């Protein structure tokens, strides 16, 4: 008489993998959808103001460093592969030669930084979470996106450091607003769906 061997229980990582993949896909699509908003060209090179940074910040605040970083990376890779998901319905490897290439390539790294900082906030901060999450989103811009954007304008736009820095200043007011909006949206979503933060904070 033979007996069937019991099926080994799925590990926690295996059991959450489909949900993680779904969240990564959904938020990559969200960032792409935000590029449908009209881009506003500014500065000497016409690098546009878009809602991409809002999507990057919101994705990282809600999903954390690992899933948020992967979602933003998927968005960038899909765009570089040719799908018109970048600003002005563009896509393809030609984006790497544009003056805005530095901003674009910085998005996944910024998402990892914002996601890491926001996970620490969600675990340790009990008050003023919205303000702390705003600081996390702004830190990603200050530390990663803007320096990379300046470098990209210097390389692809042939600007001096001073000219590129002055051109970059035009994006600061919009980034302050978008960081604040991302933080406000994140607070509301995390209140409605606290499970989004539970696994992140428990892992620390």
Number of the exception - residue 112 against (1) within 17 Å of the chain's Cα centre (by Cα); (2) more than 28 Å from residue 44 (Cα to Cα); (3) crowded, with 22+ Cβ neighbours inside 10 Å: (3)
Would you point out which residue out of 166, 181, 143, 159 is within 30 Å of residue 47 (Cβ to Cβ), over 17 Å from the mean Cα position of the chain (by Cα) and surrounded by fewer than 17 Cβ atoms within 10 Å (Cβ to Cβ)? 166
Applying the selection to region 71-93, what residues are in a helix (DSSP H, G or I), modelled with pLDDT of 95 or more and more than 9 Å from the chain's Cα centre (by Cα)? 74, 75, 76, 77, 78, 79, 80, 93
So residue 17 passes all but one of these: (1) more than 27 Å from residue 176 (Cβ to Cβ); (2) touching a helix residue (DSSP H, G or I) at 6+ places or on another chain (Cβ under 9 Å); (3) at pLDDT below 90; (4) not in a loop (DSSP other than H, G, I, E, B). Which condition number does it fail? (2)
Evaluate the following for residue 48: is it surrounded by fewer than 22 Cβ atoms within 10 Å (Cβ to Cβ), touching a helix residue (DSSP H, G or I) at 6+ places or on another chain (Cβ under 8 Å), in contact (Cβ under 8 Å) with a residue 24 or more places away in the chain and in a strand (DSSP E or B)? yes
In region 81-92, residues that are surrounded by fewer than 22 Cβ atoms within 10 Å (Cβ to Cβ) and either touching a residue at least 60 places away in the same chain (Cβ under 8 Å) or touching a helix residue (DSSP H, G or I) at 6+ places or on another chain (Cβ under 6 Å) (or both) total 1
Show me the helices (runs of 4 or more DSSP H) entirely contained within region 110-204 in which 2 or more residues are free of Cβ contacts under 8 Å to residues at least 60 places away in the same chain and within 14 Å of residue 58 (Cα to Cα). 129-140, 172-192
Matching residues in region 29-45 (surrounded by fewer than 24 Cβ atoms within 10 Å (Cβ to Cβ) and within 24 Å of residue 191 (Cβ to Cβ)) number 4
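The values are calculated or read from the model by the stated rules, or taken from the named source; none is laboratory data. Remember, predicted model here, so these are calculated numbers, not experimental data. Positions of Cβ are generated from backbone atoms using ideal geometry, with glycine treated the same way; all protein chains shown enter the neighbour counts.
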